[in-house]
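Have a look at the structure below, then the notes.
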Amino acid sequence: MPNPEIDIDLDEFRGILAEALAEGGTQPLLRLTDEEIAVLDPESLSECVAPTPRIAELSGQEREWVYATALRSLVSREAVEVANIEELDAVLRAAEARREARETPAEGTDPGSRPSGIDLDLRITPEVSLVLTLRRTAARALAVEQHTSSGRTHLLVYVHADDLHLVERVTSGGLHMFTLAASAQDAADMALLFVDPFEVAAKDGPVQHLTPEQISQENVGRALGEAIDNALVVGQTVLLADTPGPLLTTYATDQALWTVYVEKPHALTGIEARPVGKNTLRALITKLISPS
């Protein structure tokens with residue numbers, strides 16, 4: 001099956017969405033699992049920037065089983081319609097039989113493919129097509145990685161226009177939650193809560209200029225050093241585009257939030273560190289999303 005697409009001029013399509021957002025504002029769309037995305041758009045596992053942590057943990061045998069289950073879930077939720085439903089039933093029964101028998105997938109089965117055996121005729125709902133299209137066609141994207149004691153999670157902001165952003169949050173268990181954001185400010189607010197979930201960004205402090213040598217030697221001063229050592233949430237935010245964007249690292253302790261802002265990759269200057277308040281943090285993230 002070809003990659004899901006919306007049969008409309010992309011600029012026209014973006015304009016229609018922007019008008020809808022102007023009326024309804026930022027709004028949640030849907031949730032998909034790693035396995036469901038693999039069934040709907042298998043090429044995106046290697047071509048999209050969003051991670052699929054659950055898929056990475058599975059063996060080839062396990063993937064065949066979970067893909068069959070994911071397809072069943074998509075059909076039951078009416079996210080997709082399968083025209084050749086009888087063939088689908090046969091594939092699901094075969095996959096279940098292999099699981100119960102603890103057999104490996106048939107020889108020649110690609111562990112990263114959909115359940116093997118037939119060419120499924122999938123008809124995808126407009127909402128699902130919308131998500132799959134927007135996450136593939138953005139000119140630039142903001143990638144946010146959150147580190148805590150519980151593991152690593154991700155948030156992606158796909159920038160299509162000043163009034164059209166797709167926000168994708170990916171949990172460590174491989175659940176993808178999609179939201180349409182009507183402005184860079186709305187998208188920034190979601191990213192802000194992601195890097196500062198306990199809302200400890202209280203007030204701005206003095207700017208401290210650093211060099212790459214100070215960072216590599218961990219000679220960053222007592223206050224920043226303590227923030228790094230005691231951080232409960234560490235965030236790394238970078239703009240992905242044709243020209244590499246700035247890098248913003250955040251360290252949230254139980255009392256404050258520090259930022260380390262690197263203006264350009266490998267630059268000898270332009271590295272600034274400071275504690276920040278909520279408004280300053282929002283402004284930094286908004287500037288990354290909409291630099292113009």
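The values are calculated or read from the model by the stated rules, or taken from the named source; none is laboratory data. The structure displayed is predicted, hence computed values, not measured ones. Neighbour counts are summed over all protein chains in view; Cβ atoms, including those assigned to glycine, are modelled from backbone coordinates with ideal geometry. Only protein heavy atoms, including side chains, enter the accessible area calculation; ligands, DNA and RNA are left aside. Shrake-Rupley method; radii C 1.70, N 1.55, O 1.52, S 1.80 Å.
At 10 °C and 1.306 mPa s, grab the translational diffusion coefficient of the range 120-237 from Stokes-Einstein with a Kirkwood Rh over Cα pairs, rounded to a whole number in µm² per second.
Reported coefficient: 95 µm²/s.
Is there a quick way to get the dipole size of the range 224-292? I mean about its Cα centre, with the Cβ of Lys and Arg at +1 and of Asp and Glu at -1; what is the value in debye to the nearest 20?
That gives a dipole near 260 debye.
Considering only protein heavy atoms and a 1.4 Å probe, what is the carbon-and-sulfur percentage of the accessible area of the range 157-210?
Answer for the range 157-210 is 54 percent, counting heavy atoms of protein chains only.
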